[in-house]
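Inspection log for the structure reproduced underneath, given as structure tokens.
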Amino acid sequence: LTLFLTFPSLAGKMWLLLMLLLRMAVVVLAGYPLYQDEQERFVCNTLQPGCSNVCYDLFSPVSHFRFWLIQTVSVLLPYAAFSIYVLHKVAVHIARMHCLVHGCKRNEALLNPRGVKELCRSAVVNRVDCGADNLSVLNFSGAYTVHLCIRTLLEAAFAAVQYFLFGFFVPDRFSCYHSPCTSTVDCYISRPTEKSI
């Protein structure tokens, strides 16, 4: 029964770890080499000083690589908050169960962090054996649902921002006319087909 109850959380943790590693591998191994020399390889058909820099800034207002790193960290924040919430609730629950079994007076130990630490240590060391009437299971389904909704909204928001900033396809040529360029300038992007995939 214990294996059955821990399997979904273990499978979920493994899935999250796999997705994190896969996402980081794609960003670091594929994204970084592809975009590390982006500005140097952004060639414009002008010798006007500053024109290429202005056109590149218009073409790519945010570095793709940094954007993807921010996305990865932002999507992991709800999971980190959920994990901290669960750890806190479990620690308090262990301390309260210890007090129920050993009869703490008015839960004095739960009023300060040191007391909670001591109760948790002694509860773990003593392996408190509670009766079936004292046994309770914490329910985190509401917090987990909120965490999943926030993660889903963040993923959707980052996908929308990605689309509005960069689009889904990288063009071969980018035309720009902006000061200090004196006329319309055509700029060419390196490896546009590879970046579109």
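Some observations on this one:
- Candidate set: the stretch 137-148, residues that are touching a helix residue (DSSP H, G or I) at 6+ places or on another chain (Cβ under 9 Å) and outside any loop (DSSP other than H, G, I, E, B); chosen: the one surrounded by the most Cβ atoms within 10 Å (Cβ to Cβ): His147
- When Ala91, Ala123, Ala132 are screened for being surrounded by 15 or more Cβ atoms within 10 Å (Cβ to Cβ) and modelled with pLDDT under 80, only Ala123 passes.
- Pick from the stretch 153-173, criterion under 16 Å from the mean Cα position of the chain (by Cα), in contact (Cβ under 8 Å) with a residue 12 or more places away in the chain and farther than 16 Å from Ser63 by Cβ, ranking: surrounded by the fewest Cβ atoms within 10 Å (Cβ to Cβ): Glu155
Here's the yes/no breakdown for (1) modelled with pLDDT under 90; (2) of a type in the set (Gly, Ala, Ser); (3) over 30 Å from Glu40 (Cβ atoms):
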site: Leu148; (1), (2), (3): yes, no, yes
site: Leu153; (1), (2), (3): no, no, yes
site: Arg173; (1), (2), (3): yes, no, no
site: Cys176; (1), (2), (3): yes, no, no
site: Pro180; (1), (2), (3): yes, no, no
site: Ser183; (1), (2), (3): yes, yes, no
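- Scanning the stretch 53-64 for residues that are under 19 Å from the mean Cα position of the chain (by Cα) and surrounded by fewer than 17 Cβ atoms within 10 Å (Cβ to Cβ) yields a total of 2.
- From the list Phe168, Phe158, the lone residue that is under 30 Å from Leu34 (Cβ atoms) and either modelled with pLDDT under 85 or touching a His at 6+ places or on another chain (Cβ under 6 Å) (or both) is Phe168.
- Considering only residues in the stretch 78-88 that are surrounded by fewer than 16 Cβ atoms within 10 Å (Cβ to Cβ) and in contact (Cβ under 8 Å) with a residue 12 or more places away in the chain, the one that is farthest from His147 (Cα to Cα) turns out to be Tyr85.
- Subset of the stretch 176-195 [within 23 Å of Asp37 (Cβ to Cβ), surrounded by 12 or more Cβ atoms within 10 Å (Cβ to Cβ) and without any contact (Cβ under 8 Å) to a residue 60 or more places away in the chain]: Pro192
- One residue stands out among those in the stretch 149-197 that are touching a Phe, Trp or Tyr at 6+ places or on another chain (Cβ under 8 Å) and assigned to a loop (DSSP other than H, G, I, E, B): the one that is farthest from Phe82 (Cα to Cα), which is Ser183.
The values are calculated or read from the model by the stated rules, or taken from the named source; none is laboratory data. Keep in mind the model is a prediction, meaning the values are calculated, not measured. Cβ atoms come from the backbone with ideal geometry, glycine included; neighbour counts cover every protein chain shown.
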